[in-house]
Amino acid sequence: MPSPGRDAHALDAVFAALADPTRRDVVTRLAAAPSTATELAARVPVSRQAVVKHLSYLERAGLVDAQREGRNVRYRLTPSGFTDAVAWMTDVGGAWDTRLAALRRHVVARRGARHD
């Protein structure tokens, strides 16, 4: 469940976009440097047309921004697109940390009670 102020549909779009290994590879490559679809296609095992579709999916999820430079379109990661997903994972991780700490205290207390 998203935290207050977070859009569940936006989170779903981010996680759906990142669920695909090719899109994760594209994100990793764009993290190193902005690139065109042609440049990316030369480094991933899919066609340029497939790369364009993956980039479009990432763009709709708010993870990539496209900027025209003459005849080319250069794609860049948009860090803000990752912000809500990271915050959500931090919230969930924090909640689990709290639960696990409580479980540990409970187990330690029960062990101590048995040894008394």
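Taken together, the values in this text are just the output of simple stated rules run on the coordinates, not laboratory data. Note that this is a predicted model, so its numbers are computed, not measured. Neighbour counts are summed over all protein chains in view; Cβ atoms, including those assigned to glycine, are modelled from backbone coordinates with ideal geometry.
Tell me the angle of helix 8-18 to the major Cα principal axis of the chain, expressed in degrees between 0 and 90 and rounded to the nearest ten. In the chain, helix 8-18 runs at an angle near 70 degrees to the longest axis.
Across segment 35-47, coupling constants 3J(HN,Hα) worked out from phi with the 6.51/-1.76/1.60 Karplus curve, θ = phi - 60°, read 8, 8, 4, 5, 4, 5, 4, 6, 10, 10, x, 9, 6 Hz, and Gly and Pro carry x. Label-to-label distance, Asn72 versus Thr90, with points set 7 angstrom from Cα along the beta-carbon direction: 3.5 nm.
For Ser35, the amide hydrogen comes within under 5 Å of the amide hydrogens of Tyr75, counting only partners 5 or more places away or on other chains and with H modelled in the peptide plane. Applying the Karplus relation 6.51 cos²θ - 1.76 cosθ + 1.60 with θ = phi - 60° to segment 78-92 yields 3J(HN,Hα) values of 10, x, 4, x, 8, 4, 5, 5, 5, 4, 4, 5, 5, 4, 5 Hz, where x marks Gly and Pro. Students often get this wrong, so try it: which of [x] -0.92, -1.27; [y] -0.83, -1.20; [z] -0.80, -1.62 is log10 I(q)/I(0) by the Debye sum over Cα atoms at q = 0.17, 0.23 Å⁻¹ as calculated from the structure shown? After the calculation, the listed value that fits is [y].
Could you compute the longest span of the chain free of trypsin sites (Lys or Arg not before Pro) located in DSSP loops and having at most 12 other Cβ atoms within 10 Å, not counting the site residues?
No qualifying site falls inside 72-116, the longest such stretch.
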